[in-house]
Amino acid sequence: MQFATIARVLGVLLMIFSLTLLVPISVSVWFQDHNHLTFLLGFVITFFSGVAFWFPARGRKAELRTRDGFLITALFWFVLGLFGALPLYFSVGSDLSVTDAIFESLSGLTTTGATVISGLDNLPPSLLYYRHQLQWLGGIGIIVIAVAILPLLGIGGMQLYRAEAPGPVKDNKLTPRITETAKALFLIYVMFTITCFVAYKLAGMTWFEALGHSFSTVANGGFSSYDASLRHFDSPAILLICTVFMLIAGANFALHFVAWREKSLLHYLKDAEFRFYFGWIIVGTIITVGYLYFSHTLSMQDSFVLGFYNLASTLTTAGFASDFNNWPSFLPYMLFILAFLGGCASSTGGGMKMIRVLLLYKQGVREINRLIHPNAIIPIKIRKVTVPDRVIEAVWGFFAMYVVMYIAMFLMLLMTGLDLETSFSAVGACITNLGPGMGDVASNYGAISNPAKWILTFAMLLGRLEVFTLLVLFSPMFWRR
């Protein structure tokens, strides 16, 4: 384990993160909301903490190994989440406890979108902007790590995309190609953000509203400047713009990279995971829109706009607040369950990821066929390429641990006194990085107890770090030489 090199990387991350706090300072000065000193304090503490990590190890240039990659990936969100909570805790106008500040910060960075803050309409502009910025930074962090690092680490079958993703392909160390990958992905991410911002502005938002919501939309985060979220604007155009960009951000950014490099869209149609993802979008939209209209819940236009918007919001785990919890019959539960499918691998979406669900389905079909033909050799193929059994085993291992951790945290929430519906949906909403749940957490997590918030904070990290990346740190074998 290269601890000195890890400390150097962590120090650099903190120093870079501290520089992002200069933007909310400017926003606070512009709007005169008296929070500039709060963000300045956060900048000073974060920057010099980064220096304290970096300075003793500044001369170490050892290459990072796979085990170091696990630790850095986990620390990326955990440490930045802790320091990201500083402005929220010290801010004027929020009055958050330490637990609430950390919960809100990690919810932003993991793009979960679960909030403990009510009265967003009256929150200082600099804090509103900062929450959006946390999600935007978390979104690009997710993409870079998912495309460049997780395939290398072999997290739950993500090595399937090792040959397709523009990241490193060697098995023993993290290579300099990560830098090239990160630059390309960051450029694509910024282009999507700018396009979304312009679309929102043309649809009627102010520049401040458009900027903040474009950050949250492209990151599939779900934070908004209003308690009513995007429903505040009462604009079908804004909802449809949000829907389109949520779905784009929920697709594999490696595909966006290839499309940008080759100047062609054919790569999307050839990708099995994207076709599976697109199929769920079509089927889910038809069911949602059709039921809303034929049950006379909404008019035809509202059924399409709100149905499509809510389907995209839950499937991609963006989780923009809406009233789908009040819809009739099975719809709220169907949409909630779709969040477990999530977006594609290497996207800003959460959930289990479409490629894993596709492989689980194919493995299930293979086992049924094996019952009929016990001696048959039936390979599982993706894009006409046989998937190694090791990948299938990793996917099943991921799914098993996902279910086990879900059940464990669900039972722990019940122990804190929450009711069945709230406990079930809160864990699901956090481990999938969806955000809004049902019951007492349908719109806000502020009323639940501190122990419950810490459990859900762990669930957010667990879901965002693809389960194994976090759990491996609790293994004694990981720390042995």
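The values are calculated or read from the model by the stated rules, or taken from the named source; none is laboratory data. Keep in mind it's a predicted model, so treat the numbers as computed, not measured. Cβ atoms come from the backbone with ideal geometry, glycine included; neighbour counts cover every protein chain shown.
Structure data summary
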quantity	calculated
Residue ranges of helices (runs of 4 or more DSSP H) in segment 94-178 with at least 3 members at pLDDT below 90	125-148, 150-153
Yes/no for SER224 being farther than 25 Å from HIS256 by Cα, within 16 Å of the chain's Cα centre (by Cα), buried (at least 22 other Cβ atoms within 10 Å of the Cβ) and not charged (D, E, K, R)	yes
Filter pass, LEU414 being assigned to a helix (DSSP H, G or I), surrounded by 14 or more Cβ atoms within 10 Å (Cβ to Cβ) and of a type outside the set (D, E, K, R)	yes
Qualifying residues in segment 274-299 (those that are of a type in the set (Val, Ile, Thr) and closer than 30 Å to ILE382 by Cα) - the one surrounded by the most Cβ atoms within 10 Å (Cβ to Cβ)	THR288
Any hit, segment 374-392, residues being of a type in the set (A, V, I, L, M), part of a helix (DSSP H, G or I), within 25 Å of PHE458 (Cα to Cα) and in contact (Cβ under 8 Å) with a residue 12 or more places away in the chain	no
Residues (farther than 29 Å from HIS267 by Cβ and among the charged types (D, E, K, R)) located in segment 359-405	GLU367, ARG370
Check on ILE368, surrounded by fewer than 22 Cβ atoms within 10 Å (Cβ to Cβ), in contact with a strand residue (DSSP E or B) (Cβ under 8 Å, 6 or more places away or on another chain) and closer than 24 Å to VAL283 by Cβ	no
Single match in ILE25, ILE45, ILE6 (criterion: in contact with an Asp or Glu (Cβ under 6 Å, 6 or more places away or on another chain) and assigned to a helix (DSSP H, G or I))	ILE6
Any helices (runs of 4 or more DSSP H) falling wholly within segment 198-275 and containing at least 1 residues that are modelled with pLDDT of 95 or more and of a type in the set (Ser, Thr, Tyr)	207-218, 236-249
Residue within segment 466-478 that is within 24 Å of THR314 (Cα to Cα), free of Cβ contacts under 8 Å to residues at least 24 places away in the same chain and in a loop (DSSP other than H, G, I, E, B) present	no
Any chance LYS183 is modelled with pLDDT of 95 or more and part of a helix (DSSP H, G or I)	no
Top-ranked residue of segment 324-368 - restricted to ones that are farther than 25 Å from LEU134 by Cα and among the hydroxyl-bearing types (Ser, Thr, Tyr), ranked as modelled with the highest pLDDT	TYR361
Residues of segment 306-323 satisfying the condition of being modelled with pLDDT of 90 or more and touching a Lys or Arg at 6+ places or on another chain (Cβ under 8 Å)	none
Unique match (being surrounded by fewer than 18 Cβ atoms within 10 Å (Cβ to Cβ) and either modelled with pLDDT of 90 or more or among the hydrophobic types (A, V, I, L, M, F, W, C) (or both)) among PHE424, PHE399, PHE478	PHE478
Sole exception among (1) in contact (Cβ under 8 Å) with a residue 60 or more places away in the chain; (2) in a helix (DSSP H, G or I); (3) under 19 Å from ALA114 (Cα atoms) for PRO451, by number	(1)
Filter result (exposed (fewer than 14 other Cβ atoms within 10 Å of the Cβ), in contact (Cβ under 8 Å) with a residue 12 or more places away in the chain and not hydrophobic (A, V, I, L, M, F, W, C)) within segment 12-57	PRO56
One residue from LEU75, LEU82 being part of a helix (DSSP H, G or I), without any contact (Cβ under 8 Å) to a residue 24 or more places away in the chain and surrounded by fewer than 20 Cβ atoms within 10 Å (Cβ to Cβ)	LEU82
Residue match in segment 98-119 (condition: of a type outside the set (A, V, I, L, M, F, W, C), surrounded by fewer than 21 Cβ atoms within 10 Å (Cβ to Cβ) and closer than 30 Å to LEU315 by Cβ)	yes
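Yes or no, residue by residue, for (1) in a helix (DSSP H, G or I); (2) of a type in the set (D, E, K, R); (3) under 18 Å from MET438 (Cα atoms):
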{"residue": "ASN325", "(1), (2), (3)": "yes, no, yes"}
{"residue": "ALA339", "(1), (2), (3)": "yes, no, yes"}
{"residue": "SER346", "(1), (2), (3)": "no, no, no"}
{"residue": "GLY349", "(1), (2), (3)": "no, no, no"}
{"residue": "LEU358", "(1), (2), (3)": "yes, no, no"}
{"residue": "TYR361", "(1), (2), (3)": "yes, no, no"}
{"residue": "GLY364", "(1), (2), (3)": "yes, no, no"}
{"residue": "GLU367", "(1), (2), (3)": "yes, yes, no"}
{"residue": "LEU371", "(1), (2), (3)": "yes, no, no"}
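Yes/no per residue for (1) at pLDDT 90 or above; (2) closer than 26 Å to TRP207 by Cβ:
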| position | (1), (2) |
| --- | --- |
| ALA7 | no, no |
| GLY11 | no, no |
| VAL23 | yes, yes |
| VAL27 | yes, yes |
| PHE31 | yes, yes |
| HIS36 | yes, yes |
| LEU40 | yes, yes |
| PHE43 | yes, yes |
| THR46 | yes, no |
